[in-house]
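Everything below concerns the one structure shown next.
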Amino acid sequence: MKEKETSKLYNSITNVDNQFIEKAQTKLKKKKNGWLKWGAMVACLCLVIGGIFFFNRTNEANVDNRLAIETIDNIEQISSLYEGTLLVENLVLSDSEAATIKLSHLENKDIHDTSNWDTLSVTADYPDYSLVLNCSFQRQIENDYSSEVFDTLQYGNVLVNLYQKEPTPESEYVYGALFEYDGVFYQLLSRSNDPDCIYNLLDTVISANNSTNTNEPTEHTFTDILGFDGYYVRVEESTPNFYIWYYYTEIDGKTQCIAETFGPLGTDYDPEAYSVDLDNDGIMELVCNCMYNDGVERVIIYRSNNGVIENGFIKERDLEADFNIDVSVAALAIIVKYDPVENIFNVINYAQDGSVRTAVVNMDYFEFLPYVPTGD
């Protein structure tokens, strides 16, 4: 190639106009960005389709879990379908000024099949108080009160935890109670200006269906204790399998503990406590067969002496003098128990020589002192 032509070719290659280079680069960028946009659009479309698919699958899964709420005319309409015991049956709704019964159950399911029931709620307004009784058939009811347990009550084998809410302008005493009965979880809410209202309601709702032994009295069968008409019981497990029953009543507007009994009776049994007029003065004494932690069995008698609550214990030295019972041996060698059928106190002594001595004593063999509650 001639030198002139070679030089011309070189110049044509090396002297490319910059505007052509810039145009070429712009086209490349546009082409690249276009692919990125299309890729992003495809990815978003996949997410939308996947989301729709997941949403539809989730909806399909929740169709059978949706609940319907039915308004029930009366309790009998529900109790006739339920095979077990519903404590709402013990409410006297006919005395209420307004009452509502609602049942929630699985939607599109047979309401006659109780396995489809979720919750049952009863609200009622009475002249002096109002209440709500919620029942849950599928799950435990959580405490929606901010306070800790205010009180613990024992009704046979039913343990009740009480919670207290701040008073409202309409009611001074607002309580909530949580417990389980026969596989159903309950929440009882009450508003009242009477501090005993929640306890009376619990007695009404639970006690009627909770006689563990109809031949023996429970802690709520007494018409009065020590001359007081109303009372309630708090149960405390002081050590494993060892329980203390505290009896409370209102005296001069204040809640006071007036008696207690104890023993390793467990929550399935009632304490051996009996209300009886031992001295025939018209005022009932409370006689308790107690067992201490070490197995010693003794009787404690509670009485009202001119308005002062006293508790009495057996005078063991008098037993030694009058019945030749050896009180110097271990405490377990002597058993003192009250027999409510015969209305007597039996004393059994397992002597060191292997013999067994017995005695029948009355209230005169008890020494009384002012009662000082151990729990207060």
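So the values come out like this:
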{"quantity": "Any chance Ser190 is open to solvent by less than 30 Å² (accessible area, probe 1.4 Å) and of a type in the set (Ser, Thr, Tyr)", "calculated": "yes"}
{"quantity": "When residues of region 95-113 are limited to those that are open to solvent by 40 Å² or more (accessible area, probe 1.4 Å) and β-branched (Val, Ile, Thr), the one farthest from Leu81 (Cα to Cα)", "calculated": "Thr100"}
{"quantity": "Subset tally (residues that are aromatic (Phe, Trp, Tyr) and in a strand (DSSP E or B)) for region 320-338", "calculated": "1"}
{"quantity": "Output for region 82-92, where each listed residue is within 20 Å of Ser136 (Cβ to Cβ) and surrounded by fewer than 17 Cβ atoms within 10 Å (Cβ to Cβ)", "calculated": "Tyr82, Glu83, Gly84, Thr85, Glu89"}
{"quantity": "Count - residues of region 367-376 that are surrounded by 13 or more Cβ atoms within 10 Å (Cβ to Cβ) and either polar (S, T, N, Q) or not in a strand (DSSP E or B) (or both)", "calculated": "2"}
{"quantity": "For Asp364: the one exception among (1) open to solvent by less than 30 Å² (accessible area, probe 1.4 Å); (2) in a helix (DSSP H, G or I)", "calculated": "(1)"}
{"quantity": "Matching strands (runs of 3 or more DSSP E) fully within region 65-160 where at least 1 residues are more than 23 Å from the chain's Cα centre (by Cα) and of a type in the set (Ser, Thr, Tyr)", "calculated": "67-72, 98-106"}
{"quantity": "Residue check, Phe179 out of contact with any helix residue (DSSP H, G or I) (no Cβ under 6 Å at 6 or more places or on another chain), crowded, with 20+ Cβ neighbours inside 10 Å and at pLDDT 90 or above", "calculated": "yes"}
{"quantity": "Residues being surrounded by fewer than 10 Cβ atoms within 10 Å (Cβ to Cβ) and at pLDDT 80 or above - total across region 43-75", "calculated": "2"}
{"quantity": "Condition met for Ile348 (open to solvent by 50 Å² or more (accessible area, probe 1.4 Å), assigned to a strand (DSSP E or B) and of a type outside the set (Lys, Arg))", "calculated": "yes"}
{"quantity": "Long-range neighbours under 9 Å by Cβ, at least six apart or interchain, first residue under 21 Å from Gln138 (Cβ atoms) within region 67-81, second hydroxyl-bearing (Ser, Thr, Tyr) and in a loop (DSSP other than H, G, I, E, B)", "calculated": "Ser79/Thr85"}
{"quantity": "Residue match in region 151-168 (condition: of a type in the set (D, E, K, R) and either on the phi > 0 side of the Ramachandran plot or without any contact (Cβ under 8 Å) to a residue 12 or more places away in the chain (or both))", "calculated": "yes"}
{"quantity": "Residues satisfying the stated conditions in region 309-333, i.e. within 38 Å of the chain's Cα centre (by Cα), modelled with pLDDT of 90 or more and either open to solvent by 60 Å² or more (accessible area, probe 1.4 Å) or charged (D, E, K, R) (or both)", "calculated": "Glu310, Phe313"}
{"quantity": "Check on Leu202, farther than 30 Å from Gly312 by Cβ, of a type outside the set (Asp, Glu), at pLDDT 80 or above and part of a strand (DSSP E or B)", "calculated": "no"}
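The values are calculated or read from the model by the stated rules, or taken from the named source; none is laboratory data. These figures come from a predicted structure and were not determined experimentally. For neighbour counting, all protein chains shown are included, and Cβ atoms are generated from backbone atoms with ideal geometry for every residue, glycine included. In case anyone asks, the SASA skips ligands and DNA or RNA and just uses the protein heavy atoms, side chains included. Shrake-Rupley method; radii C 1.70, N 1.55, O 1.52, S 1.80 Å.
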